[in-house]
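K.L.:
Structure in structure tokens, see below.
Bear in mind that the values in this text are calculations on the coordinates, not laboratory data. Since the model is a prediction, treat every value here as computed from it, not as a measurement. Using ideal geometry, Cβ is built from the backbone for each residue, glycine included, and neighbour counts are taken over all protein chains shown.
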Amino acid sequence: MYKLKTDIDSKVLCDAIVEGMQDNKAKSITVLDLRNISNAVTDFFVICSGESSTQVDGIANTVSRHTREALKEKPWHQEGKSNSEWILLDYVSVVAHIFYKDARHFYELEDLWSDAIRTDIPDVN
């Protein structure tokens, strides 16, 4: 399967997305490394939760701003901004999933991709 690549290393981009999430006090940040899974559509999923739809929207905005300022990268595609229950920022090699906490439990992405190498990032106080 052909996969588009950006000029930025996917691990560097992944780390920048995590930093952007932490800047807005995202909760339960999880990185799923999909690079060794055949047929994976991206290298990394970065998943986090917000306590309100306002925070979910704010996290998405902070991630977009941080990656633009730090790496000159913008999401190739965005979804979910209208309801802020689940905002997806697609950077091609890394996809950020920003959930309202209840929606995250419903979709259980971590379980769907349980073959991935999982890294849980401690919450910032």
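K.L.:
Quick one: net charge around Tyr107, please, counting Lys, Arg +1 and Asp, Glu -1 for every other residue with C-beta under 15 Å from its C-beta.
P.N.:
So the environment of Tyr107 carries a net charge of -4.
K.L.:
Hey, another quick one. Just to confirm the filter: which GluC sites (Glu not before Pro) across the stretch 59-125 are DSSP coil and have at most 14 other Cβ within 10 angstrom of their Cβ?
P.N.:
Taking the stretch 59-125 and a limit of 14 other Cβ atoms within 10 Å, the loop GluC sites (Glu not before Pro) found are Glu108.
K.L.:
If the elastic network links every pair of Cα atoms under 10 Å, which of Lys25, Lys101, Lys72 fluctuates the most in the Gaussian network model of the chain?
P.N.:
Lys72
K.L.:
Turning to a different aspect of this structure: Rank Thr30, Ala60, Ile47 by how far each Cα sits towards the positive end of the charge dipole of the chain (+1 on Lys, Arg Cβ; -1 on Asp, Glu Cβ) and give me just the farthest.
P.N.:
Result: Ala60, furthest along the dipole toward the positive end.
K.L.:
Right, another one. First select every other residue whose beta carbon is under 11 angstrom from the beta carbon of Lys74; then total the charges, Lys and Arg +1, Asp and Glu -1.
P.N.:
Value of the local net charge: 0.
K.L.:
Let me ask another. In the stretch 8-110, what chymotrypsin sites (Phe, Trp or Tyr not before Pro) fall in a loop by DSSP, with at most 14 other Cβ atoms inside 10 Å?
P.N.:
When the chymotrypsin sites (Phe, Trp or Tyr not before Pro) of the stretch 8-110 are filtered for loop state and at most 14 Cβ neighbours within 10 Å, Trp76 remain.
K.L.:
Calculate, in nm to one decimal, what Asp120 and Glu79 gain on full extension: separation in residues at 0.36 nm each, minus their alpha carbon distance.
P.N.:
The span from Asp120 to Glu79 would gain 12.4 nm if fully extended.
K.L.:
Further, regarding this structure: According to the square roots a ≥ b ≥ c of the eigenvalues of the Cα gyration tensor, what is the shape class of the stretch 17-125, taking rounded for a/c under 1.5, prolate for a/b larger than b/c otherwise, and oblate for the remainder?
P.N.:
rounded
K.L.:
Let's see if you can work this out: charge +1 on each Lys and Arg Cβ, -1 on each Asp and Glu Cβ, no other charges. What is the dipole magnitude of the stretch 1-119 about its Cα centre, in debye to the nearest 20?
P.N.:
Roughly 220 debye for the stretch 1-119.
K.L.:
Provide the FRET efficiency to the nearest 0.05 for the Glu110-Ser53 pair, computing r from the beta carbons and using R0 = 25 Å.
P.N.:
Efficiency at R0 = 25 Å is approximately 0.70.
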